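Q: What follows is a structure written as structure tokens; I'll ask about it next.
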Amino acid sequence: QVQLVESGGGLVQAGGSLRISCAASTNIFSIDVMGWYRQAPGKQRELVGTISRMGRTNYADSVKGRFTISRDIAEKTMYLQMNSLKPEDTAVYFCNAVIVRGDYVYWGQGTQVTVSS
């Protein structure tokens with residue numbers, strides 16, 4: 001069982017920056033893929049980006065060049081640095097962890113990010 005706890009959400013003006021965190025209850029190097037997803041009101045949850053155990057990152061086209069995923073293995077924490085924020089980035093952001101062996105998928109409770117115009 002892996003617990004994920006997001007933090008750092010809040011209200012920011014368009015063009016601003018924000019960093020949110022996802023703290024895991026286990027050694028994140030044991031997790032095959034960690035990712036960030038977001039869900040805006042009335043919309044489906046969508047992928048923001050992922051980071052593999054080996055550190056390879058991938059991003060949705062809508063955030064490429066503006067958002068960066070990183071991690072601190074010692075702190076068991078994954079981060080999402082969001083720059084040049086737009087009102088359409090407003091959503092609840094969820095942390096996700098996938099362990100392939102056993103098909104385990106874990107989710108955090110989410111953190112609200114609101115970008116004002």
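Every read-out reported here was derived from the displayed coordinates using simple, explicitly stated rules and does not represent laboratory data. These numbers come from a predicted model, not from an experiment. Positions of Cβ are generated from backbone atoms using ideal geometry, with glycine treated the same way; all protein chains shown enter the neighbour counts.
Q: For the chain, what does the relative contact order come out to in percent, with C-alpha contacts under 8 Å and a separation of six or more?
A: Working: 285 pairs, mean separation 42.3, N = 117.
Contact order relative to length: 36 percent.
Q: Please work out whether the stretch 1-78 counts as rounded, prolate or oblate from its C-alpha gyration tensor, where a ≥ b ≥ c are the square roots of the eigenvalues and a/c under 1.5 means rounded, while otherwise a/b larger than b/c means prolate and anything else oblate?
A: prolate
Q: Can you tell me how much longer the chain between Q13 and E75 gets when fully stretched, taken as 0.36 nm per residue apart minus their C-alpha distance, in nm with one decimal?
A: On the way: separation 62, 0.36 × 62 = 22.32 nm, distance 2.91 nm.
Extra length available between Q13 and E75 comes to 19.4 nm.
Q: Sticking with the crude label model, points 7 Å out along Cα→Cβ, report the distance from A60 to F29 in nm, one decimal please.
A: Those two pseudo-labels are separated by 3.1 nm.
Q: About the Cα centre of the chain, what is the dipole size in debye to 20, counting +1 per Lys and Arg Cβ and -1 per Asp and Glu Cβ, all else neutral?
A: Computed about the Cα centre, the dipole is about 140 debye.
Q: Considering the options L11, S116, G55, tell which one lies farthest towards the positive end of the dipole of the chain, charges being +1 on Lys and Arg and -1 on Asp and Glu at the Cβ, about the Cα centre.
A: So the residue furthest toward the plus end is G55.
Q: What lysines could a cross-link reach from K43, if we take a straight Cα to Cα line under 23 Å and drop same-chain neighbours fewer than 8 places away?
A: Result set, ordered by chain and number: K64, K86.
Q: Okay, next question. Over what distance in Å are the Cα centres of the stretch 36-100 and the stretch 14-34 separated?
A: So the two Cα centres are separated by 8 Å.
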